[in-house]
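This report concerns only the one structure given below.
The values are calculated or read from the model by the stated rules, or taken from the named source; none is laboratory data. Predicted, not measured: the structure shown is a model, and the values here were computed from it. Cβ atoms come from the backbone with ideal geometry, glycine included; neighbour counts cover every protein chain shown.
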Amino acid sequence: MHDTLSSLVERAVLGNVRPLEFFLREHSRLPGPRANLELANDVSNLLAASIPKNPDSVYTLINHFTNGDRQTIASNTPDEFIMLCGIIAFGTCAAVHSSWREATFDLLKHYSLNSYWRVREGVATAYQRLLAVIPEETITHLLELSTHGSYLQCRAAIAAIAEPPLMYKPEVLEAALQLHQPVLASVHAASSFDRKSEDFKALRRTLGYSLSVIAAADAERGFALMRECAAWHDTDISWILRENLKKKRLAKFSEQIHGLEVLLS
């Protein structure tokens, strides 16, 4: 399949886009519970590899995939998968092609507000591609989202940075701790009306695992942050903390878990 995909990407970059689009739709696994993320990642890597020879053509193709003309698409369809491929590809390509970064960050900020959860997951993945290569620049944008963004934009920042393989970078771990603080504070300050919204619930679900990623990488500071939040006695914050304590990645921290459970009881 990889040889076929490589050939189709090469043809698409040279102007014959339809065979690649057909292939992506056929192998999208949508409608269905899980999109073909392996295929989306392979496409993004092949497109990034094509940049040195055909940068303008690659940009045009990815912009086409990300629905540059803003036509309405339906969720859980091959059309949504095409958009997902484009969003991930923008992150992968901008990581290696600096002149695309400003436009890519603008695009990701826009799509972080999308009503479709798969599109929002694509945004988080694209940010992770950028974090792996240009952490400092990406962190600046994520901090902006976490401090001044909407619930969905805060959710994008949290989902992007709470990725275990990225925690080995000290600057990413530090940023993960830093950007969680304003987001958790905004959850604590949320009105009862806001707490019923789907955007708030999406952020809450993401926070329901993200703190465990930090604590697994830095138990001292991760659990300290959770203890601080437990003292707020906030219903939603308490739910978030309990969900994190269930994660297998924290199983070895039995003493810290017990201490938090006492605070939450």
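Kindly evaluate residue 44 against the criterion of being crowded, with 23+ Cβ neighbours inside 10 Å, closer than 19 Å to residue 19 by Cα and either modelled with pLDDT under 95 or not assigned by TED's automatic domain parsing to the domain that holds residue 203 (or both). So residue 44 passes the test. Against the test of being surrounded by fewer than 22 Cβ atoms within 10 Å (Cβ to Cβ) and farther than 28 Å from residue 131 by Cβ, the options 19, 33 yield a single qualifying residue, 19.
Looking at 185, 216, 156, which is the one that is in contact with a Gly (Cβ under 8 Å, 6 or more places away or on another chain), part of a helix (DSSP H, G or I) and farther than 24 Å from residue 88 by Cα? First the steps, then the outcome.
Numbers: 185 fails: in contact with a Gly (Cβ under 8 Å, 6 or more places away or on another chain); 156 fails: farther than 24 Å from residue 88 by Cα.
Exactly one of 185, 216, 156 is in contact with a Gly (Cβ under 8 Å, 6 or more places away or on another chain), part of a helix (DSSP H, G or I) and farther than 24 Å from residue 88 by Cα, namely 216.
Restricting attention to region 153-196, the residues that are in contact with a helix residue (DSSP H, G or I) (Cβ under 7 Å, 6 or more places away or on another chain) and either in contact (Cβ under 8 Å) with a residue 60 or more places away in the chain or over 18 Å from residue 137 (Cβ atoms) (or both) total 18.
For region 66-88, does any single residue satisfy the condition of being surrounded by fewer than 24 Cβ atoms within 10 Å (Cβ to Cβ), within 24 Å of residue 14 (Cα to Cα) and among the small types (Gly, Ala, Ser)? For region 66-88, residues surrounded by fewer than 24 Cβ atoms within 10 Å (Cβ to Cβ), within 24 Å of residue 14 (Cα to Cα) and among the small types (Gly, Ala, Ser): present. Given 76, 41, 63, which one is within 20 Å of the chain's Cα centre (by Cα) and assigned to a loop (DSSP other than H, G, I, E, B)? The conditions single out 76. Taking the criterion of being more than 18 Å from residue 39 (Cα to Cα) and in contact with an Asp or Glu (Cβ under 8 Å, 6 or more places away or on another chain), the residues of region 113-130 that qualify are 116, 130. In region 93-118, the residues that are closer than 27 Å to residue 202 by Cα and in contact (Cβ under 8 Å) with a residue 60 or more places away in the chain reach residues that are small (Gly, Ala, Ser) and not in a helix (DSSP H, G or I) with C-beta atoms within less than 7 angstrom, at least six apart or across chains, in these pairs: 118/35.
Residue pairs whose Cβ atoms lie under 8 Å apart, sitting 6 or more positions apart in sequence or on different chains, and linking a residue in region 252-264 that is among the acidic types (Asp, Glu) to a partner that is assigned to a helix (DSSP H, G or I), are 261/245.
Is it the case that residue 16 is out of contact with any Leu (no Cβ under 8 Å at 6 or more places or on another chain) and either assigned to a helix (DSSP H, G or I) or not assigned by TED's automatic domain parsing to the domain that holds residue 113 (or both)? No, not satisfied. For residue 174, the conditions (1) surrounded by 17 or more Cβ atoms within 10 Å (Cβ to Cβ); (2) outside any loop (DSSP other than H, G, I, E, B); (3) not aromatic (Phe, Trp, Tyr) all hold with the exception of (1).
Out of curiosity, is residue 136 part of a helix (DSSP H, G or I), acidic (Asp, Glu) and over 30 Å from residue 26 (Cβ atoms)? Spelling it out, residue 136 is indeed part of a helix (DSSP H, G or I), acidic (Asp, Glu) and over 30 Å from residue 26 (Cβ atoms).
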